[in-house]
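Everything on this sheet refers to the single structure shown next.
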Amino acid sequence: MEAAEAEARLLLQEARESIEAARSYRRELQQRLRGLHQAREQIKDSATLTRDVLEQHFSDLKGTLKKLLDERLMSLLQEVDVIEQESIKPLDECQKLIEHGVSTADDLLREGESAVDGDVGQQNEKLGNFTKKALHIQLDSLPEVPSLVDVPCLSAQLDDCLITILKNQIFRHGTVASRPPVQLEEFVEKPGGILVRWCKVDDDFMVQDYRLQYRKSTASPFEDVYVGSETEFMVLHMDPNVDYQFRVCARGDGRQEWSPWSIPQLGRTTLVPHEWTAGLEGYSLSSRRNIALRNDSQSCGVLYSKAPTYFCGQTLTFRQTVGQPDRRDSLGVCVEQRNGDDSLQRDKAVCISTNGAVFVNGKEMTNQLPAVTSGSTVTFDMEVVQLGPCSNEGGNFKLRVTISSNNREVVFDWVLDQCCGSLYFGCSFSYPGWKVLVF
């Protein structure tokens with residue numbers, strides 16, 4: 001009896017497992033069906049959009065070509081009018097001269113016939129006047145009439161090869177691509193921003209520049225955020241836990257037009273932005289409090305972050321404009337805020353000085369980085385390497401720290417006596433003119 005019950009329980013368990021496996025299998029199939037549906041819709045939507053773009057483009061092209069042809073025809077007709085008028089004008093003047101001569105000759109003929117047929121008593125006087133008048137008119141002087149070979153004969157020269165040239169250009173005009181040559185590849189969350197990476201998927205497409213756009217919602221238009229030759233860009237000033245839509249395209253080498261846009265993708269950051277603490281005399285902050293400027297105040301101290309927003313596994317980046325350096329200057333991270341210090345070159349902190357010296361818990365390391373320069377970036381990367389048991393009461397704790405500056409880096413282990421899930425960042429400068437952006 002017990003064996004039968006055990007067998008029944010086993011069969012029931014197997015049946016339940018099979019049912020759960022069937023449910024999981026069905027969920028997976030349904031998810032794949034949704035993926036197929038999305039793929040089908042993407043093909044159809046993109047094909048419809050491509051048709052609309054092609055029809056609109058060629059409609060605009062036909063309108064432009066008709067306008068250009070009409071303008072050229074009008075220009076040629078105006079040339080015909082000008083040549084006709086300029087050529088007819090001297091002929092009109094010659095015609096007037098001949099008609100005037102004909103009229104004069106008619107008058108002279110009538111006068112001569114009257115003198116010949118007149119009374120004998122007045123005949124001599126009339127004949128004398130007629131003879132004088134005839135001599136004055138110079139009956140042997142005739143205006144010159146140009147021959148037909150000397151006057152313009154208008155014609156139109158139309159080169160039929162234009163049709164061949166246009167035909168060849170039109171048949172090569174435009175292409176249809178099954179996919180854009182560039183696609184978005186990765187979104188990396190950053191505090192108050194996203195590091196966007198993209199890649200070229202068409203090996204035959206020679207890229208000159210990339211163009212990245214984003215928008216906060218589908219109701220707002222896309223706007224340019226980056227144009228250049230790099231394949232990644234850090235987009236800052238983004239609200240946490242809000243979806244942003246991104247797209248990227250490229251411009252071919254030596255070309256002016258941009259390629260089709262990549263498939264838009266959503267990206268978001270769940271990390272709150274890094275902010276400096278407001279209100280410390282000696283530093284002025286930007287409206288977003290991610291940029292700190294060392295002002296002319298004589299007050300000196302460490303400017304800390306508003307909260308411990310740096311977590312291991314992230315990259316903390318400082319980008320600065322330099323002022324006059326001092327050996328006590330510092331950029332770095334620390335376990336806790338501590339008032340009264342004038343530098344992060346102390347215990348429970350790691351930092352780099354503006355001259356490139358690296359300090360761990362207040363001690364200068366042998367390895368040194370290049371001096372900080374304007375526009376350069378200093379980055380901190382940390383990962384946890386635990387030495388001993390960690391509890392609320394503390395314990396041995398080690399962080400592997402990588403500090404990079406001007407294409408060089410140092411790597412070391414930072415030993416702490418307590419677990420640190422998050423860290424503060426800070427800076428200190430003795431002289432005005434230094435400006436630091438943190439992200």
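The values are calculated or read from the model by the stated rules, or taken from the named source; none is laboratory data. Quantities reported herein were computed from a predicted structural model and do not represent experimental measurements. Cβ coordinates were reconstructed from backbone atoms using ideal geometry, including for glycine residues, and neighbour counts include every protein chain displayed. Side chains are part of the model used for accessible areas, which takes the heavy atoms of the whole protein and leaves out ligands, DNA and RNA. Shrake-Rupley method; radii C 1.70, N 1.55, O 1.52, S 1.80 Å.
Let's see how each residue does on (1) touching a Lys or Arg at 6+ places or on another chain (Cβ under 7 Å); (2) crowded, with 18+ Cβ neighbours inside 10 Å; (3) not small (Gly, Ala, Ser):
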| residue | (1), (2), (3) |
| --- | --- |
| Asp253 | no, no, yes |
| Gln256 | no, no, yes |
| Thr270 | no, no, yes |
| Tyr304 | no, yes, yes |
| Tyr310 | no, yes, yes |
| Gln320 | yes, yes, yes |
| Gly323 | yes, yes, no |
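If I filter segment 349-370 down to residues being open to solvent by less than 50 Å² (accessible area, probe 1.4 Å) and part of a loop (DSSP other than H, G, I, E, B), which single residue comes out as nearest to Arg319 (Cα to Cα)? Outline the logic, then answer.
Within segment 349-370, the first condition is being open to solvent by less than 50 Å² (accessible area, probe 1.4 Å), and the residues that meet it are 349-354, 356-360, 362, 365, 369-370.
Adding the requirement that they be part of a loop (DSSP other than H, G, I, E, B) leaves 353-354, 356, 362, 369-370.
Numbers: Ser353: 14, Thr354: 12, Gly356: 14, Gly362: 23, Leu369: 15, Pro370: 15 Å.
So the residue we want is Thr354.
Looking only at residues that are surrounded by 11 or more Cβ atoms within 10 Å (Cβ to Cβ) and closer than 30 Å to Pro152 by Cα in segment 98-126, which one is modelled with the lowest pLDDT?
Only one residue fits best here, namely Gly101.
Among the residues of segment 213-232, which ones are open to solvent by 60 Å² or more (accessible area, probe 1.4 Å), part of a strand (DSSP E or B) and touching a residue at least 12 places away in the same chain (Cβ under 8 Å)?
The answer is Asp224, Val227, Glu232.
Counting just the residues of segment 233-251 that are of a type outside the set (A, V, I, L, M, F, W, C) and over 13 Å from the mean Cα position of the chain (by Cα), which one comes out least open to solvent (accessible area, probe 1.4 Å)?
Tyr244
Hey, any hits in segment 183-200 for a residue that's part of a loop (DSSP other than H, G, I, E, B) and not assigned by the TED database to the domain that holds Leu109?
yes
Would you tally the residues in segment 420-438 being touching a Gly at 6+ places or on another chain (Cβ under 7 Å), surrounded by fewer than 21 Cβ atoms within 10 Å (Cβ to Cβ) and either of a type outside the set (Gly, Ala, Ser) or part of a strand (DSSP E or B) (or both)?
Qualifying residue count, segment 420-438: 2.
Output the number of residues of segment 136-162 satisfying the condition of being within 20 Å of Lys66 (Cα to Cα) and surrounded by 10 or more Cβ atoms within 10 Å (Cβ to Cβ).
Residues that pass the stated criteria total 0.
Would you pick out the residues in segment 371-404 that are in contact with a Lys or Arg (Cβ under 6 Å, 6 or more places away or on another chain) and modelled with pLDDT of 90 or more?
Thr377, Glu383
Which of the residues belonging to segment 163-185 are touching a Ser or Thr at 6+ places or on another chain (Cβ under 7 Å) and exposed (fewer than 11 other Cβ atoms within 10 Å of the Cβ)?
Scanning segment 163-185 gives a single hit, Val176.
From the list Ser262, Ser287, exactly one residue is farther than 30 Å from Leu399 by Cα, touching a residue at least 24 places away in the same chain (Cβ under 8 Å) and assigned to a loop (DSSP other than H, G, I, E, B). Which is it?
None of the others qualify; the one that does is Ser262.
Before we move on, is Leu331 part of a strand (DSSP E or B), modelled with pLDDT under 95 and within 20 Å of Tyr310 (Cα to Cα)?
When the stated conditions are applied, Leu331 does not pass them.
For Trp276, work out the one condition from (1) closer than 30 Å to Gly301 by Cα; (2) under 15 Å from the mean Cα position of the chain (by Cα) it doesn't fulfil.
Result: Trp276 passes all but (2).
Taking the stated definitions as given, is Ser18 more than 30 Å from Leu166 (Cβ to Cβ) and either under 59 Å from the mean Cα position of the chain (by Cα) or surrounded by 10 or more Cβ atoms within 10 Å (Cβ to Cβ) (or both)?
Considered against the rule, which asks whether it is more than 30 Å from Leu166 (Cβ to Cβ) and either under 59 Å from the mean Cα position of the chain (by Cα) or surrounded by 10 or more Cβ atoms within 10 Å (Cβ to Cβ) (or both), Ser18 comes out as yes.
Can you tell me which residue in segment 334-345 is farthest from Thr309 (Cα to Cα), limited to those that are hydrophobic (A, V, I, L, M, F, W, C) and either over 42 Å from the mean Cα position of the chain (by Cα) or crowded, with 24+ Cβ neighbours inside 10 Å (or both)?
Filtering segment 334-345 for residues that are hydrophobic (A, V, I, L, M, F, W, C) and either over 42 Å from the mean Cα position of the chain (by Cα) or crowded, with 24+ Cβ neighbours inside 10 Å (or both), the one farthest from Thr309 (Cα to Cα) comes out as Leu344.
Which of the numbered conditions does Leu195 fail, given that it passes all the others? Conditions: (1) modelled with pLDDT of 95 or more; (2) surrounded by 13 or more Cβ atoms within 10 Å (Cβ to Cβ).
Leu195 satisfies every listed condition except (1).
Can you say whether Trp276 is open to solvent by 50 Å² or more (accessible area, probe 1.4 Å) and either touching a helix residue (DSSP H, G or I) at 6+ places or on another chain (Cβ under 7 Å) or touching a residue at least 60 places away in the same chain (Cβ under 8 Å) (or both), as far as the supplied structure shows?
No: the conditions fail for Trp276.
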